[in-house]
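K.L.:
Got a structure here, written out as structure tokens. Questions coming.
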């Protein structure tokens, strides 16, 4: 939970909301096939659910000064990985800033697989 005070009151944003927001942006990027679970909890939830949750492969941590996002993705074979990572970074930073007003200090994109 990321919480901060404004003139109007206290604002609290859940990490689940941020993960889903980021998940929508990442999966809509050209060249991204899917996401890979990033921890044991996500691996277990993936096994139990019939479809892949949108927040699979995303870790969000930090505070209202800035957050760090770690992504585990699968890309299409033959695509420029540097261009995909750059596109993801810019889209995620923009979407989170627009939706919440919180800056992202770092986006870590880990390519865990390639599919044809």
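K.L.:
Given the condition modelled with pLDDT of 85 or more and either in contact with a helix residue (DSSP H, G or I) (Cβ under 6 Å, 6 or more places away or on another chain) or outside any helix (DSSP H, G or I) (or both), answer yes or no: does some residue in the stretch 38-55 qualify?
P.N.:
No, the stretch 38-55 has no match at all.
K.L.:
Additional query: If we scan the stretch 56-70, do we find a residue that is modelled with pLDDT under 90, assigned to a loop (DSSP other than H, G, I, E, B) and within 11 Å of the chain's Cα centre (by Cα)?
P.N.:
yes
K.L.:
Within the stretch 82-102, restricting attention to residues that are over 17 Å from residue 20 (Cα atoms) and without any contact (Cβ under 8 Å) to a residue 40 or more places away in the chain, which residue is nearest to the chain's Cα centre (by Cα)?
P.N.:
85
The values are calculated or read from the model by the stated rules, or taken from the named source; none is laboratory data. All figures in this text were calculated on a predicted structure; none of them were measured in a lab. When we count neighbours, we look across all protein chains shown, and the Cβ atoms used for this are built from the backbone with ideal geometry, even at glycine.
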